[in-house]
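Engineer: Have a look at this one before I ask anything.
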Amino acid sequence: MTDTIADFHPLTAPVQPVFDTVRTRSAHEPEFHQAVHEVLHSIGPVLDAHPEYVENGVLERLVEPERQIIFRVPWIDDAGRLQVNRGFRVQFSSVLGPYKGGLRFHPSVNLSIIKFLGFEQIFKNALTGQGIGGGKGGSDFDPHGKSDAEVMRFCQSFMNELYRHLGEHTDVPAGDIGVGGREIGFLFGQYRKITNRHESGMFTGKGTGWGGAEVRTEATGYGAVFFAEEMLGVHGESLDGKRVGVSGSGNVAIYAIQKAQQLGATAVTASDSSGYILDEDGVDVDLLRQIKEVERGRIVEYARRKPTARFVEGGSVWEVPVDIAVPSATQNEVSEDDAEALIANGVRAVSEGANMPCVPEAVEAFQSAGVLFAPGKAANAGGVATSALEMSQNASRQRWSFDASERKLREIMADIHDASFRAAERYGSPGDYVAGANIAGFERVAAAMLAQGVI
Ligand code: NDP
Ligand code: 2IT
C-alpha cells in the first residue's frame, strides 16, 4: 500500500523533492512516508499562496526531526534472565513549545512508527493552540503478560536513560499504546528519584492524587466523540439514536464508548488483536473497564460474561453495520475493503480516535462517498489538549473540577473543528477535514518557523 502512495495523490512541484529526500534519507520507514505524504499533499495550495515558506526551506526542516534518541533498555525478568529492548524518543519540533507527545510500548515499535507519530503530533499539537511542540517515544517492550514488577523494572531502566532528555520546559511525555497510569507512575517515580526534583509538569497522565488532571484519562475518547458530534452538527444531525462502532478496547476505545452512550448513541462493538465483540444492547462500560483496566484481560472475556454479546475471533469489526465509526486501536487498521463495507452499510461519519488508523485508500473511499471524515490529528487531539491543561494546572498549582475540565475539552474540540473546517473552505476544499486540519496546523507551525529563523 505505501509503495503506491506517490501515485495515489500526486504532489505539486515544490513539495515533490522534499518527499523524495524523505524517501531516500529515511528509507524503510513506510509509516513515516505515509504521514509525510498526506501533509505535503494537503498543503500544496498554502505554498502557492505563501512562496516564502518554500524559499525559506520550511518543509525541508519540518520533515527532519530536531533530535532522535535511540537507546538500550536492559532489565531483568522475574526468572532472573537479562532482557534487552530498544528505546526511542524523537523530538520533532519545539517551535511552538516543549516537545510533547506520548510513549508507546508495543512489540511493533520501530523508528518508522515513532517518527510518523512524532510528525503527526506537530500538527495535532499546533491545532490545540496551547503552545506545545511535537515529539513521540516508546519501546518494542510488550507489557502483555508481564508482571507488575517486570513492568516496573523495565520502566525504571527506560527512564535511567530518557530522564536526561526530559524536563517541563524541554520535553513532556505522556501515555499511548501500552503506557497507562501504571507505567506513568513507575516512569515518573524514577525521574523524581534520579533528578531529586518533584517536577510535576514533566509528565502528563499522572494519577489525580499526585498532579494528574481530571478528565485526562477520558479525554482522547471523549474528544473523538465530541468531534463527531461537531461534524454532524454542521448538517443538523447529532449522535442521539445512532449506532456507533468502536475498535480497540484500551484507553481511547473505552472512553469513546462511554461518551457516545452518554450522548444518546448505542456503541455496539469493541476489539483487540484477537477479534471483536458485538453487543446489540450497547457495550457495558463498567464491565469493559473491569476486564481491561483492572484484570488486564482479553476482549473475549466480555462475551463470556455478558449474555447479549458474542465474540468473533479474528474478524474485522468493520463488518458490523454502524452509523458512526471511531477506530481507536492502531495505525492502518481500517483497510480499503473495511471502508467499502462500512460505506455499503450506510456509515455517516468516521472519527479517528487512533493515530492514522485508516489507510489512504480508505480515507479516499470515505470522502468520495460523502462520509464525514475526521483525521486523527484533529479528532484525537483532546488527549494532548488535556495534557496541556494538566501542565497549566501543575504550573499554577491549581486543580480544576471534572466538569470544568470537560467543558474546556469540549470547547477545545469545537475550536479544532472550526479551525479545520474554515481552513478547508479558505483553500477550496470545503468539508475536507484532512486538508483543513493539515493546513490549519501547518500554518501555525510554518509562521513560527519563519519568525524564529533558520535553526
Ligand atoms: P491502549 O494500549 O490502551 O489500547 C490499545 C488497544 O488497541 C488494545 O485494545 C489493543 O489490543 C489494540 N491494538 C493495539 N495494537 C494493535 C494491533 N497492532 N492490532 C490490533 N489491535 C491492536 O492504547 P490507547 O487506547 O491509548 O491507544 C489507541 C490508539 O489511540 C493509538 O493509535 C494511539 O496512538 C492513539 N491515541 C492515544 C492517545 C492517548 O491519550 N492514549 C491520544 C491520542 C491518540 P491488544 O491488547 O490485543 O494489543
Ligand atoms: O497521540 C497522542 O496524542 C497521545 N498519545 C497523547 C500525547 C500527550 O502528550 O498527551
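Each reported figure results from applying straightforward, stated rules to the coordinates on display, with no laboratory input. From a predicted model like this one, the values you see are computed outputs, not experimental measurements. All Cβ positions, glycine included, derive from the backbone under ideal geometry; neighbour counts span all protein chains shown.
Engineer: Compute the signed sum of charges (Lys and Arg +1, Asp and Glu -1) over the other residues within less than 12 Å, Cβ to Cβ, of residue 443. Could you put the intermediate results ahead of the total?
Structural biologist: Details: positive: 422, 426, 444; negative: none.
After counting each charged neighbour, the total is +3.
Engineer: Between beta-carbons, use under 14 Å as the cut-off and find the net charge around residue 263, counting Lys and Arg +1, Asp and Glu -1. Walk me through the numbers on the way to the answer.
Structural biologist: Working: positive: 242, 243, 259, 410; negative: 218, 229, 230, 237, 240, 323, 406.
Cβ neighbours under 14 Å give a net charge of -3.
Engineer: Relative contact order (percent) for segment 192-325, with alpha-carbon contacts under 8 angstrom and 6 or more residues of separation? Let's see the in-between values first.
Structural biologist: On the way: 210 pairs, mean separation 28.8, N = 134.
Across segment 192-325, relative contact order equals 21 percent.
Engineer: Filter 124/242; 136/242; 206/408 down to the pairs with a C-alpha to C-alpha distance above 30 Å, please. Intermediate results must be reported in sequence, preceding the final value.
Structural biologist: Values: 124/242 28 Å; 136/242 35 Å; 206/408 19 Å.
Pairs exceeding the cut-off: 136/242.
Engineer: Express in whole angstrom the spacing between the alpha-carbon centres of segment 396-432 and segment 8-32.
Structural biologist: Using only Cα atoms to place each centre, the spacing works out to 31 Å.
Engineer: Report the calculated FRET efficiency for residue 450 and residue 418 (r = Cβ-Cβ distance, R0 = 25 Å), to the nearest 0.05.
Structural biologist: Details: r = 24 Å, r/R0 = 0.97.
Step by step, r from the Cβ atoms, then E = 0.55.
Engineer: Which whole-Hz ³J(HN,Hα) couplings does segment 272-285 yield from phi under the Karplus relation 6.51 cos²θ - 1.76 cosθ + 1.60, θ = phi - 60°, glycine and proline marked x?
Structural biologist: 9, 6, 9, x, 9, 10, 10, 10, 5, 7, x, 5, 7, 5
Engineer: Any idea what diffusion coefficient segment 204-353 gets from Stokes-Einstein, in µm²/s, Kirkwood Rh on alpha carbon pairs, 37 °C, 0.692 mPa s? List each step's numbers first, then the result.
Structural biologist: Working: Rh = 15.4 Å.
D, rounded to a whole number, is 213 µm²/s.
Engineer: Multiply the residue gap between residue 313 and residue 169 by 0.36 nm, knock off their C-alpha separation, and tell me the result in nm, one decimal place.
Structural biologist: Details: separation 144, 0.36 × 144 = 51.84 nm, distance 4.58 nm.
Difference between extended and current length: 47.3 nm.
Engineer: Over the chain, what is the relative contact order in percent, taking alpha-carbon pairs closer than 8 angstrom and at least six residues apart? Walk me through the numbers before you get to the answer.
Structural biologist: Details: 938 pairs, mean separation 67.7, N = 455.
Relative contact order comes out at 15 percent.
Engineer: Just the Cα atoms of the chain: what Rg and Dmax do they give in Å?
Structural biologist: Cα-based Rg and Dmax for the chain come out at 20.8, 63 Å.
Engineer: So, one more: Suppose only helical runs count, i.e. DSSP H with n ≥ 4. What mean residue ellipticity at 222 nm does that imply for the chain under -39500 (n - 2.57) per run, divided by all residues and rounded to the nearest 500 deg cm²/dmol? The partial results should precede the final answer.
Structural biologist: On the way: 19 runs with 215 residues, N = 455.
Calculated at 222 nm, the ellipticity per residue is -14500 deg cm²/dmol.
Engineer: Let me have the relative contact order for segment 312-378, percent, based on Cα pairs under 8 Å that are six or more residues apart. Intermediate values should be presented prior to the final figure.
Structural biologist: On the way: 118 pairs, mean separation 23.1, N = 67.
RCO, segment 312-378: 34 percent.
Engineer: Highest first, please rank the peptides 76-84, 292-300, 144-152, 173-181 by the mean number of other Cβ atoms sitting within 10 Å of their residues.
Structural biologist: 173-181, 292-300, 144-152, 76-84
Engineer: So how far, in whole Å, is the C-alpha centre of segment 283-327 from the one of segment 216-275?
Structural biologist: One Cα centre to the other: 14 Å.
Engineer: What order, most packed first, do the peptides 267-275, 302-310 have when packing is the mean number of other Cβ atoms within 10 Å of each residue? Before the final figure, lay out each step's value.
Structural biologist: On the way: 267-275: 21.8, 302-310: 15.3.
The packing order, highest mean first, is 267-275, 302-310.
Engineer: Next question. Separation between the residue 69 and residue 304 pseudo-spin-labels, each 7 Å from Cα along Cα→Cβ, expressed in nm?
Structural biologist: My value for the distance between the label points is 4.1 nm.
Engineer: Follow-up question, since we're still on this one. In a shell of Cβ-Cβ distance under 12 Å around residue 330, excluding residue 330 itself, what net charge do Lys and Arg (+1) and Asp and Glu (-1) give? Intermediate results must be reported in sequence, preceding the final value.
Structural biologist: Working: positive: 104; negative: 31, 176, 272, 333, 352.
Here the charged neighbours net out to -4.
Engineer: Taking the mean number of other Cβ atoms within 10 Å as a proxy for protection, how do you rank 346-352, 249-255 from highest to lowest?
Structural biologist: 249-255, 346-352
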